[in-house]
Structures are given as C-alpha cells and as structure tokens.
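Novice: Pasting in a structure now, in structure tokens, and then I'll have a few things to ask.
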Amino acid sequence: MKINPDLHFVVPGDPVGKGRARAAKRGKFITLYTPEKTANYEGLIAHAAMVAMAGRGLFLGAVAVELDIRVKIPASWSLKRKAAAVRGEVAATKKPDIDNVEKAIFDGMNGVVWKDDVQAVEVKKRKRYADTPGVVVIVRELDLQVA
C-alpha cells in the first residue's frame, strides 16, 4: 500500500464537535436542522480546506486521514500544570468528544476535498492540549482499488 502525503491544512480556533440534528415544528411539519454552531464550524472547515486545495480536483479514491485536535488549556490552571499539558503529560479529557470533532471535520470536507466522507478508510486521530487551539488535518490518497 503506497501512501503519498497530499493535503495538509489547519482549521483554526477551538475545535467544535458535530452537534445533533435538532427538530422544529413549522406549522404541521417537523423540520430537522443542523445547530448554528456546527454549521458555522463546518463552514470554517470548508473554507480552510478550499484554500488548501488551491483549485485541485476532488479526491476520488480511498483516503487516509490524520487529525491532530488541539484544545485550549484552561486559563485557571497553574503555570506548572499548563507546561505539563503542553508537553503532553496531561490528557485532554474534556469536551469536545474526539469522534464528534471527526464527524464535523469530515462533513465540512464533503464536496471540497472529496465527494463524500465514505472515502476515508483509514483514520488516525489524537486530542491534546496546546497553546494554540485548532485541528491539523492531513489527507493522503491511498493506492487501493475502489469497489
């Protein structure tokens, strides 16, 4: 299996997990909608991905994705604890959930990086504390046959 680095970009700011679809009654009908915070974050992802794609065509085959999710260190922590967090000695066990961030990132890349997130067949992800929050995204095209 041959993996070639192909796309690298950063989604700036605090990572946001994909929110659950909400329902609203509109007259006789129930309408499902995406929460505003999720929609705004997916727009930010799409913008960062579009800039990184720089006019290239969509990925059409299978891809591997790496996500480095960097969450903000709480301001209330001591300098010693903050330094330990930056060194990776403190686990980032706070919201957002790692899988919900992945869902938001993948949905934000639909139609910008790939046709659909079903093309992601390998995923490596981690969540950690960092001085500068954001998500580093790396997408690699895989040399695999697609069914």
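Novice: Where residues in segment 1-11 are over 18 Å from residue 106 (Cβ atoms) and open to solvent by 100 Å² or more (accessible area, probe 1.4 Å), which of them is modelled with the highest pLDDT?
Specialist: 5
Novice: Further question: Does residue 44 meet the test of being in a strand (DSSP E or B), under 14 Å from residue 112 (Cα atoms) and either touching a Lys or Arg at 6+ places or on another chain (Cβ under 9 Å) or open to solvent by less than 70 Å² (accessible area, probe 1.4 Å) (or both)?
Specialist: Answer is no for this residue.
Novice: Next up: Scan (1) modelled with pLDDT under 95; (2) within 14 Å of the chain's Cα centre (by Cα); (3) of a type in the set (A, V, I, L, M) for the single condition residue 58 breaks and write down its number.
Specialist: With respect to (1) modelled with pLDDT under 95; (2) within 14 Å of the chain's Cα centre (by Cα); (3) of a type in the set (A, V, I, L, M), residue 58 is out only on (2).
Novice: Quick check on my filter: what residues within segment 12-28 are open to solvent by less than 60 Å² (accessible area, probe 1.4 Å) and assigned to a loop (DSSP other than H, G, I, E, B)? Step through it out loud before you land on a result.
Specialist: Taking segment 12-28 first, the residues open to solvent by less than 60 Å² (accessible area, probe 1.4 Å) are 13, 15-19, 24.
Across segment 12-28, the qualifying residues are 13, 15, 16, 17, 18, 19.
The values are calculated or read from the model by the stated rules, or taken from the named source; none is laboratory data. In this text, all values refer to a predicted model and were calculated from it rather than measured experimentally. Backbone-built Cβ (ideal geometry, glycine too); neighbour counts: all protein chains shown. The area values use the complete protein model at the heavy-atom level, side chains included, leaving out ligands, DNA and RNA. Shrake-Rupley method; radii C 1.70, N 1.55, O 1.52, S 1.80 Å.
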